[in-house]
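Asks: Structure incoming, see below.
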Amino acid sequence: MENCDTNTTLASNSLLSSLSVTPQVVLSPCAACKILRRRCAQKCVLAPYFPPTQPAKFIIAHRVFGASNIIKFLQELEESERADAASSMVYEATARLRDPIYGCAGAICHLQNQVNELEAQLAKAQAEIVNMQVQQTNLMNLICMEAAQSPQELSPQQSLDNFYEENTSLLWEPLWT
């Protein structure tokens, strides 16, 4: 039994040692090098930003900016800024393909117009709320004055009926001015 365990241990150790030998890793070239049909160097500038699983990102950026301009632009930046620059180039290229005349500036202008319209709607709604609050306050003051002027005790329903009979013209006034 001990002999069998020793053989199993030796076999598993030899298997582990054969696995621990550095296996040859076959790395897929980045999307940029695949599309440009060139060998992807180990220090490829484009590899971290255009992975092989997302070739559309590079195709879009390449169509608008060109590969040499993308490489030149990324090399001029520090490594900490390159990821943002690459994603920005992809966004700008996508916007340029969608809107060839205005590009991303057109999208920004459209969004700014939407913000302005929504701010105007908000201001109008807030003004309506203030107007309704003023009307409610005036109505409550009128009810209190009416109650103070009538010496007799009326039921709440009778006082409302009297109020509506005396002030029917108020019902037809607009809620906003």
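The values are calculated or read from the model by the stated rules, or taken from the named source; none is laboratory data. A quick note: this is a predicted structure, and the numbers were derived from the prediction, not measured.
Asks: Taking the range 88-135 only, how many residues are within 30 Å of Pro55 (Cα to Cα) and part of a helix (DSSP H, G or I)?
Replies: 19
Asks: Among helices (runs of 4 or more DSSP H) lying entirely in the range 1-81, which contain 3 or more residues that are of a type in the set (Asp, Glu) and at pLDDT 90 or above?
Replies: Because the criterion is at least 3 residues that are of a type in the set (Asp, Glu) and at pLDDT 90 or above, no helices (runs of 4 or more DSSP H) in the range 1-81 meet it.
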